[in-house]
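Beneath this line is the structure, given in structure tokens, with notes to follow.
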Amino acid sequence: MSHGSSSSLECQHAGLRILHHFGQRPRDSARIRDFVVACQSSAGGFGRVPGAIPRLDDTLRAVEILCMLDIDSQVD
């Protein structure tokens with residue numbers, strides 16, 4: 001079985017929303033969290049991918065992703 005990987009905050013966000021819609025949780029929340037943290041700029045905010053210029057919409061997606069992951073961890 002092969003596994004895919006997502007390369008942007010949009011993909012991560014959409015994937016988590018789909019999982020939540022079906023009442024499922026991600027297999028490896030830590031890897032998602034690591035990706036989101038890597039997208040954070042030292043100047044503040046989050047870019048679409050690691051090293052990208054931070055934008056408001058990407059920052060909102062990042063915060064929503066982290067909140068969804070936090071909710072999942074509280075269920076355990």
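The values are calculated or read from the model by the stated rules, or taken from the named source; none is laboratory data. In this text the structure is predicted, and so the values were computed from the model without any measurement. All Cβ positions, even for glycine, are placed from backbone atoms using ideal geometry, and neighbour counts span all protein chains on display.
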Which condition number does residue 4 fail, the rest of (1) part of a helix (DSSP H, G or I); (2) at pLDDT below 95 being met?
-> (1)
Single residue of the range 18-45 satisfying the filter (exposed (fewer than 12 other Cβ atoms within 10 Å of the Cβ) and hydrophobic (A, V, I, L, M, F, W, C)) that is farthest from residue 68 (Cα to Cα) | 43
Tally, over the range 46-76, of residues that are assigned to a helix (DSSP H, G or I), among the aliphatic types (A, V, I, L, M) and surrounded by fewer than 17 Cβ atoms within 10 Å (Cβ to Cβ) = 6
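Does residue 61 meet the test of being closer than 11 Å to residue 9 by Cβ and under 10 Å from the mean Cα position of the chain (by Cα)? Quick ask: steps written out before the conclusion?
Values: closer than 11 Å to residue 9 by Cβ: yes; under 10 Å from the mean Cα position of the chain (by Cα): yes.
Yes; evaluated as a whole, the condition is true for this residue.
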Please state which of the following conditions residue 74 fails to meet, knowing it meets all the rest: (1) modelled with pLDDT under 95; (2) under 11 Å from the mean Cα position of the chain (by Cα).
-> (2)
